[in-house]
Every structure is written in structure tokens, then in C-alpha cells.
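The structure under discussion appears below in the form of C-alpha cells.
The values are calculated or read from the model by the stated rules, or taken from the named source; none is laboratory data. Since this is a predicted model, take the numbers as computed values, not measurements. Here the Cβ positions follow ideal geometry from the backbone for every residue, glycine too, while neighbour counts run over all protein chains shown.
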Amino acid sequence: MAASKPLNRFAAESGVQGLIQLLCATLFNAEDVHGDHENDVFELHPSHEDWEPDQHDGQDAPPNFRFKVTGYTVGWYKHLGRSMEVPEITSEQLLFMSSACLASLEPK
């Protein structure tokens, strides 16, 4: 089977943003996405508005979203979608990442 080509930029941003919006809606109150979530599969930090490096040993804020299985990270400025940094991704990778993230939220 031939390797699939990366999605175009718009499709990648739309797909990844849709996944993150679904995760936020599942994990946090729609009115307040200032929470954080981390499990064995992914970590999600929707907002870094209150991040102060001097309160965190001078460290930069972690990525807003990190898929731990592959190290895929996504960042944005203040609000999801704003100046979003979405690396290349294929449709198969996006489907795998989405399935794994959603399955990690199911009760065991």
C-alpha cells in the first residue's frame, strides 16, 4: 500500500481543530476551557493566558496539544484556531490520532 500524501493545509487545520474542539467539549465546560487534561495518550492545555515563566522555573509553556504516541504537537495563540501551528499530517494519521484520543477518554 502506498503511503498517503499529507493533507493540504486547510484540511489539516480543520481536521485537527475539529478533534481538539471535540476533546474540549468532552472534557471542559463549553464556557470555560481554561482547564488542563493529561493521560497516557495526549495532553491538552487549551489556554496559556495565565502562564508565567517565572512561576514555572523559567520554562516556556507546553504545547497546547500533544499526542504522546507520536509526539505530534499543535500550538495556538490565546484561543484555539488563532495563529494555529499545525504540522503536516495524513488522513490516516489524523484518523489514528482521533481514534486513540477519544478511546482514551472512555471509562475502563
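Scan (1) touching a Pro at 6+ places or on another chain (Cβ under 9 Å); (2) at pLDDT 90 or above for the single condition VAL33 breaks and write down its number.
So the condition that VAL33 fails would be (2).
Given the condition among the aromatic types (Phe, Trp, Tyr), modelled with pLDDT under 90 and surrounded by 18 or more Cβ atoms within 10 Å (Cβ to Cβ), answer yes or no: does some residue in the range 77-92 qualify?
Checked the range 77-92: no residue is among the aromatic types (Phe, Trp, Tyr), modelled with pLDDT under 90 and surrounded by 18 or more Cβ atoms within 10 Å (Cβ to Cβ).
Residues that are at pLDDT 85 or above, on the phi > 0 side of the Ramachandran plot and loosely packed, with under 12 Cβ neighbours inside 10 Å: does the range 42-65 have at least one?
no
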